[in-house]
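Take a look at the structure below.
Every number in this text was worked out from the coordinates using simple rules, so none of it is lab data. All of these numbers come straight from a predicted model, not from anything done at the bench.
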Amino acid sequence: MKPVPPITAAALGSATRGAHNPPMPAVPATAIEGPAEALPAPVDRFGDELFYTHPRLQLAYLFFVFTPLMFWPDRPASAVWASLLAIALFVPAFLGFRGSQGRERIARTLLVAAIGLVLIPFNPGGNTFVIYAIGMLAWALAPRPAVWLSLLLVLVMAAEFVWISPRLDFALASVAVVVLIGGMILASVIFGRERARGLAELRLTQDEVRRLGALAERERI
């Protein structure tokens, strides 16, 4: 006896259409593309786990805000106080990002970026907040806008460093750190989101195939 070929969604749709059963609907666009808030709930949870399972642990990277001050022999007190104020503003904005949606996520991301840009003239370690902002952009927006806004943010920061830094090599090094680390974070988040969308599409397709298979079996009986 010849093996029975696997039943596909297209074959089931064709077989059941004549029996007055609805054809298989298309996968919703929100499961494939769009901002993170438009994704189904399982994808949101998957994305949040990728971004930070324990957001408070990510605050450990704030150590790098103070790294330049350690090598600044005559650092002014204003640099320390400005850094502490920046952190005080950043922490609630960052911790609230995971539970936010839509415009609130974008607003929190832009606030973090602004904190970094404002702090840089006082403390070059403000570029740490720019890296945080790039990671948040990757989740707050669709991939293409996230990439373009991240690039714009880096260019603004680079212009600021070149303007305020007494040495060009220091400015370029500070920008290179953000490009390297921020680029890695941006790419990993975008890859994770695309993988999550693929899993969501696969789940929806499998559920629809099972439903149509059950309908076909009832019609056969």
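Worth pointing out:
- Length released on extending from residue 173 to residue 75, taking residue separation times 0.36 nm less the Cα-Cα span: 33.3 nm
- If the chain linking residue 220 and residue 100 were pulled fully straight, counting 0.36 nm for each residue of separation and taking away their Cα-Cα distance, it would gain 38.3 nm.
- Separation between Cα centres of region 88-151 and region 170-196, rounded to whole Å: 13
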